[in-house]
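Some notes on the structure that comes next.
Please treat every number below as a calculation from the coordinates, not as lab data. Small disclaimer: the values here were computed from a predicted structure and weren't measured. No Cβ is skipped: glycine too gets one built from the backbone with ideal geometry, and neighbour counts run over all protein chains shown.
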Amino acid sequence: KPCPLCDEAKEVLEPYKRRFVLQEVDITLPENSAWYDKYKYDIPVFHLNGKFLMKHQVDIQKFEDQLRKLELQSG
């Protein structure tokens, strides 16, 4: 389905695409019903390295801080 908020978030994250892998999850698919139940009113939702990070829109400062921490840990 169209998701303007998702499209906007992907644009904001575009400059960082070489530093992480974006995995999109369509919560309307039956196999993703648990995500739908949890987040149907909060899209888009972002997890980083398996942990909830933010919802509704990209908080670029929070994203940069957490991404940098992960990079330092794995570097």
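Would you point out the residue of the stretch 16-48, among those that are assigned to a helix (DSSP H, G or I) and touching a residue at least 12 places away in the same chain (Cβ under 8 Å), that is surrounded by the most Cβ atoms within 10 Å (Cβ to Cβ)? Quick ask: steps written out before the conclusion?
Start the filter on the stretch 16-48 by keeping residues that are assigned to a helix (DSSP H, G or I), which leaves 16, 30-39.
Still in the running and touching a residue at least 12 places away in the same chain (Cβ under 8 Å): 16, 39.
Values: 16: 14, 39: 16.
Selected residue: 39.
What's the total number of residues in the stretch 19-75 that are over 21 Å from residue 4 (Cβ atoms), among the hydroxyl-bearing types (Ser, Thr, Tyr) and in contact with a helix residue (DSSP H, G or I) (Cβ under 9 Å, 6 or more places away or on another chain)?
0
Could you check the stretch 49-63 and list, in sequence order, the residues that are outside any loop (DSSP other than H, G, I, E, B) and surrounded by 13 or more Cβ atoms within 10 Å (Cβ to Cβ)? Outline the logic, then answer.
Applying the first criterion (outside any loop (DSSP other than H, G, I, E, B)) to the stretch 49-63 yields 51-55, 60-63.
Within the stretch 49-63, 53, 54, 55, 60, 62, 63 qualify.
Looking at (1) in contact with a Phe, Trp or Tyr (Cβ under 8 Å, 6 or more places away or on another chain); (2) over 20 Å from residue 12 (Cα atoms), which is the only condition residue 54 fails?
(2)
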